[in-house]
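Participant: Handing you this structure, nothing more for now.
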């Protein structure tokens with residue numbers, strides 16, 4: 001885990017890039033789920049024979065999962081904490097008044113305007129004093 005701490009300005013400056021990466025991650029998540037459902041259907045109806053469709057489907061799922069993990073890691077390597085994908089929920093570690101907090105952003109919000117303590121969670125969000 002990164003020890004990166006963001007100012008509100010730094011977090012908001014990074015947000016457009018993270019939003020783009022999140023859109024791709026959400027698309028990949030949907031595709032991965034669809035592929036897994038297809039795999040489960042084929043597996044439920046599979047009768048052993050000369051052609052094994054499961055091998056190819058499992059390989060495709062493995063590749064999709066690796067790609068998905070890579071995208072998640074690209075976000076976390078920047079020091080951003082990915083809390084949820086659908087709807088997207090992010091935390092940016094920060095320090096306010098000498099205390100460690102999390103700048104909080106939820107999908108649909110234009111910019112980061114709230115924060116909460118490490119143990120408070122989303123329900124403990126407060127308006128950031130520097131938010132516009």
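The values are calculated or read from the model by the stated rules, or taken from the named source; none is laboratory data. All values reported here derive from a predicted model rather than from experimental measurement. Every residue, glycine among them, receives a Cβ derived from its backbone with ideal geometry; neighbour counts consider all protein chains shown.
Participant: Which condition breaks for residue 28 when tested against (1) surrounded by fewer than 16 Cβ atoms within 10 Å (Cβ to Cβ); (2) part of a helix (DSSP H, G or I)?
Facilitator: (1)
Participant: Just name the residue that is farthest from the chain's Cα centre (by Cα) out of those in the stretch 20-62 that are without any contact (Cβ under 8 Å) to a residue 40 or more places away in the chain and closer than 19 Å to residue 80 by Cα.
Facilitator: Filtering first and then ranking leaves 20.
Participant: Next question. Scanning for something touching a helix residue (DSSP H, G or I) at 6+ places or on another chain (Cβ under 7 Å), exposed (fewer than 15 other Cβ atoms within 10 Å of the Cβ) and modelled with pLDDT of 95 or more, does the stretch 106-116 turn up at least one residue?
Facilitator: yes
Participant: If you check residue 94 against the conditions, is it touching a helix residue (DSSP H, G or I) at 6+ places or on another chain (Cβ under 9 Å) and modelled with pLDDT of 95 or more?
Facilitator: Taking the combined requirement at face value, the residue satisfies it.
Participant: Continuing with this model, one more query. Output the residues belonging to the stretch 79-91 that are surrounded by 14 or more Cβ atoms within 10 Å (Cβ to Cβ) and either over 14 Å from residue 6 (Cβ atoms) or modelled with pLDDT under 95 (or both).
Facilitator: Result: 82, 83, 85, 88, 89.
Participant: Where in the stretch 33-131 are there strands (runs of 3 or more DSSP E), lying fully within it, with 1 or more residues that are out of contact with any strand residue (DSSP E or B) (no Cβ under 8 Å at 6 or more places or on another chain) and within 26 Å of residue 16 (Cβ to Cβ)?
Facilitator: Ranges flagged: 81-84.
Participant: Does the stretch 37-48 contain any residue that is at pLDDT below 95 and under 28 Å from residue 122 (Cβ atoms)?
Facilitator: Looking for residues that are at pLDDT below 95 and under 28 Å from residue 122 (Cβ atoms), one finds none in the stretch 37-48, hence no.
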